[in-house]
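What follows is a set of notes on a single structure, which appears directly below.
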Amino acid sequence: MKKTKNRWLIAASAVGIHISIGSVYAWSNFTNPLIEEFGWTSKQVQFTFSLAILFLGLSAAFLGHFVEKHGPRKAGFLAAGFFGAGILGSGLAVNLGSLPLLYITYGVLGGIGLGVGYIAPVSTLVKWFPDRRGLATGLAIMGFGFAAAISSPVMDSLIKSVGTANTFYILGAAYFIIMTLSSLYLERPPVDWAPKGFKEKAQSGKIKIKQDLAQLTANEAIKTSRFYYLWVMLFINVTCGIAILSAAKPLAEESIGLTTAEAAALVGVMGLFNGFGRIAWASISDYIGRPNTYTIFFATQIILFTLLPHTKEAFLFQVMLAIVYTMYGGGFSAIPAFIGDMFGTKQLGAIHGYILTAWAAAGLAGPMFAAWMKDNTGSYATSLTFFAGLFVVALVVSILIRRDIRKLREQNAANERLAG
């Protein structure tokens, strides 16, 4: 009889993959070295990152079915191959001084590895943790959030000691090895598997199991209104969050008069709140429910985004910014569990992939809009007020999805009565 794997080691494997691919958030370490070495503009170099996020969303959408068909281990190997090749190829692009090749390697190949590597372990963890879905997905996605804090000083040190191209070669090889080793342990749980004592506690009434509202395929899910509600909620949370992430440094300088060095340090510290928010909010959502979690996100951020540009008191400004960062991260980590609640786990990876196109769209829209507003008004304040208005839309959507959930629960209860 085959021995069932340890679900906490599955979680650790997921973290290994996410810490590797999450290094994309430390891309800014390469910005100045590439500008200085080749004379490329900041916009040209930054487009590499935007391209990687775009292909993250696209590959997650198109390869979600691959994850479901072939399982997390093969998907993990595929992610390791693409991401490793993308980073290694970036070293070649630097050696050749080719910006188009950098776009193809880091942006396209690396982006594809990002997308597959993001959804494969997360969709698997939801199935291993029926009792703590939020905690499980929060663990993996926390790794993605903390990756920049871990990899940034390593990148900086390597660039200074061995140069930009060699840094890409070293990191590409390291990420490929870590992701491949992590993928080896990934596996779906056996059919009808549950944690020890879980079924007994459920039968005795000691714990109450919330049944999934449905068990849908990805193609069935996209025909429902609640799929698009989730998409819009994630899009708005990421658009507004990523915009303030991209503008946090100059905003802190403008609003509370921090020096450039102080503002840069603040951004680094805020990154920790992004990571902690992923595990904290996802875990909280296990207790208060995913709909309540997102309603809290949007109601709170309407207030914060309205007040932030007008706040001159340094401590209060930093507290508000920290809360925004936790909710930005929390929006990512709670969404896979929300998908499981809404559509079941039959094809969760594929549905998650479709939903992540919202991230790809937001990754382009948020920073570009904030920069456009800055160029045209001379301040980020106007864009933050606009984003507060977007959160009003998100709040309305979070109420509409509750209506759908209530109707579906009533329908399921009526079906159970008829069946009984």
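Given axes a ≥ b ≥ c from the Cα gyration tensor, I'd like to know whether region 2-101 is rounded (a/c under 1.5), prolate (a/b larger than b/c) or oblate. It is prolate, given that a/c is not under 1.5 and a/b is the larger ratio. The distance between label points at residue 382 and residue 265 comes to 3.4 nm (points 7 Å beyond Cα on the Cα→Cβ vector). Rounded if a/c is under 1.5, else prolate if a/b is larger than b/c, else oblate: which is region 97-149, with a ≥ b ≥ c the root eigenvalues of its Cα gyration tensor? Cα axes put region 97-149 in the oblate bin.
Packing here is the average count of other Cβ atoms within 10 Å per residue, and on that basis the peptides 160-170, 277-287, highest first, run 277-287, 160-170.
Accessible area per residue was computed with a 1.4 Å probe on protein heavy atoms; residue 269 scores about 70 Å².
Taken per residue, the accessible surface of the chain reaches 42 Å², heavy atoms only and a 1.4 Å probe. Seen against the Cα atoms of the chain and their longest principal axis, helix 357-377 is set at about 40 degrees. The value of relative contact order for the chain, using C-alpha pairs under 8 Å at least six residues apart, is 25 percent. Residue 222 contributes about 50 Å² of solvent-accessible surface, heavy atoms of the protein only, 1.4 Å probe.
The apolar share of the surface of the chain, taken as the fraction of accessible area on carbon and sulfur atoms (1.4 Å probe, ligands and nucleic acids excluded), comes to 65 percent. If you compute Rg/Rh (Cα atoms, Kirkwood Rh) for the structure shown, which of (1) 1.14; (2) 1.18; (3) 0.98 do you land on? Derived directly from the coordinates: (3). Peptides 327-339, 87-99 ordered by packing proxy, namely the average of other Cβ atoms within 10 Å per residue, highest first: 327-339, 87-99. Between residue 101 and residue 372, the distance separating the two model label sites (each 7 Å from Cα on the Cα→Cβ line) works out to 3.5 nm.
Shown is the FRET efficiency for residue 131 and residue 177, computed with R0 = 35 Å from the Cβ-Cβ distance and rounded to the nearest 0.05: 0.60.
The long axis of helix 260-288 is offset from the longest Cα principal axis of the chain by roughly 0 degrees. Centre-to-centre separation between the Cα atoms of region 346-420 and those of region 119-169: 24 Å. In this simple spin-label model, placing a label point 7 Å from the Cα along the Cα-to-Cβ direction at both residue 414 and residue 192 gives a separation of 3.1 nm. Kindly identify region 317-420 as rounded, prolate or oblate by the Cα gyration tensor criterion: order the square roots of the eigenvalues as a ≥ b ≥ c, call it rounded if a/c is under 1.5, otherwise compare a/b with b/c, prolate if a/b is larger, else oblate. The shape class here is prolate.
The values are calculated or read from the model by the stated rules, or taken from the named source; none is laboratory data. All values derive from a computational prediction rather than experimental measurement. Neighbour counts run over all protein chains shown; Cβ positions are idealised from the backbone, glycine included. The area values use the complete protein model at the heavy-atom level, side chains included, leaving out ligands, DNA and RNA. Shrake-Rupley method; radii C 1.70, N 1.55, O 1.52, S 1.80 Å.
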